[in-house]
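Note sheet for the following structure.
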Amino acid sequence: MPNQQNHEDDPIRISCYNAARQRYGDDVPEAVISRLEEELQHIVRNGFSDPYIVAARIVDKANADGFTMAIRGSVGSSIVAYLLGITEVNPLPPHYQCLECRHVEWAADAVDSGFDLPSELCAKCGGKFVGDGHRIPYQTFFGADGNTSPNIDLYTAWEYEEHANNELNYQMHNSIWRSGIPVPDIIPHNAASVLKRVHTLTGIDPRSIPMNDPKALSLFRSTDAIGVTPDQIKSKVATYGIPEMGIGPVRDMLQMTQPSSFSELVQISGLSHGVGTWDGNARERIQEGAGTLRTSIACRDQLMMDLMKFGVDMETAYSITVSKRKDLPIAESVEAMLESKVPAWYMESYRKVRYLFPKSHAVSYVISAVRYAFYKLHFPMEFYAAYFSVHGIDVDMELCTRGERDIRNSPEEVRPEGYHTLQGMAPEKALQEMALELALEMNARGMRIRKSSHAGGRYVVESELYGTLEIPFIARQQSHRVI
Ligand SMILES: [Zn+2]
């Protein structure tokens, strides 16, 4: 029987308030409390606490063991999940928080992500202000009535998969699991392995990397910062090897829209994962100068908030939003939108959308992408070594040892067909292509992959300036290949 009472001593409530006080100070701001209470009421009333508590313990253990975990799944935009350390995505509106005195300042509506707030010092104590918050409503994961059961996928490094599963089994063993509540899933992932490897090689924790480093963000619109020309690497942006941002169609989007902020990259991620969002829709509007990245319908949660701004009531806005998760008929929703005076251009754009990506996933992907960009810019040797440690197993490394000219001029049987476009390509070819693109970029930056007799015939990244760095392939099962 679900707990109907508002239990003050519920363990999840106690943990959340402890974390909120630690983060926001003893005087927790009203906006934090009201969001937290909304979520806790749904969680406690429906008896959903266990997945959060178990996931929090697994993430704590992983962090203590030196591994990061990224969450995908419906709770990725929950303040409860955020305070418990399960997700890095803070769903509150953009705000500053002071690392010294915990003072909080809310940003104007014009800002879409706290990560885009300019560097400032705390008005109260002069301490360091950090920006956070991505403005994601809770309904998109709890449902309008708050009864949707939580679904948690924890993405971790291949090297940590077994540990994480053992920890999960141990935690499950110690909890009373209600039937019908999904058990968190542990999913091994290449990006987590690359970040772990580059963390080890550089000593720089991915979690400490700033999300507003202008030079790192410039990789998403130009090749200047990495010191190469577009001709040298056959791309006008420097995103080869960056998950979700390196493939041809997304590089075209980046080149055309020239994003310069974190929130614009979130829009790119949403538009590129959606169906009916870009081609024939946002692309045309932006090209004609009728729209911008910011005004494009890119994510599910944004659709819901836009509709509410236009005057659609919350429940209708929610059901319209859900229709873009499942590509459901839209007749009824159009009527509701007309009544609420949603602008014609918005209706037209909305009609073309068939599927929208959740914003919490987009934010999580972009956090990862910015980390990659930072390492790639500032620690190129370590970055390339880490990349090939994880991805080298899937490709013909011999091909990657060729020089710049050979890679450029390699015949089709060496260089996969459809070079620089990924769509419709077999996964093996796509992986090979991505490896060759990165090898081409390395050459242009004065580095190359070589088989070293000193390293027992193993592959190394070599640079005239910085020497060599070995590429030890990580162990993992071939069958679980993830691009
Ligand atoms: Zn302060």
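Here is how the numbers come out for the structure above:
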{"item": "Residue in segment 322-343 that is out of contact with any Phe, Trp or Tyr (no Cβ under 7 Å at 6 or more places or on another chain), in contact (Cβ under 8 Å) with a residue 40 or more places away in the chain and part of a helix (DSSP H, G or I) present", "result": "no"}
{"item": "Entirely in segment 377-477, the helices (runs of 4 or more DSSP H) that have 1 or more residues that are at pLDDT 80 or above and farther than 22 Å from L195 by Cα", "result": "397-400, 404-409, 427-444"}
{"item": "Qualifying residue in segment 99-112 (condition: within 24 Å of the chain's Cα centre (by Cα), part of a strand (DSSP E or B), within 24 Å of K309 (Cα to Cα) and touching a residue at least 24 places away in the same chain (Cβ under 8 Å))", "result": "yes"}
{"item": "Residues located in segment 365-414, provided they are of a type in the set (D, E) and closer than 29 Å to S77 by Cα", "result": "none"}
{"item": "Scan of segment 90-125 for residues that are within 16 Å of the ligand (Cβ to nearest atom), aliphatic (A, V, I, L, M) and loosely packed, with under 14 Cβ neighbours inside 10 Å, ordered by number", "result": "L99, L121, A123"}
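The values are calculated or read from the model by the stated rules, or taken from the named source; none is laboratory data. All values reported here derive from a predicted model rather than from experimental measurement. Glycine gets a Cβ as well: all are built from the backbone with ideal geometry, and neighbour counts include every protein chain shown.
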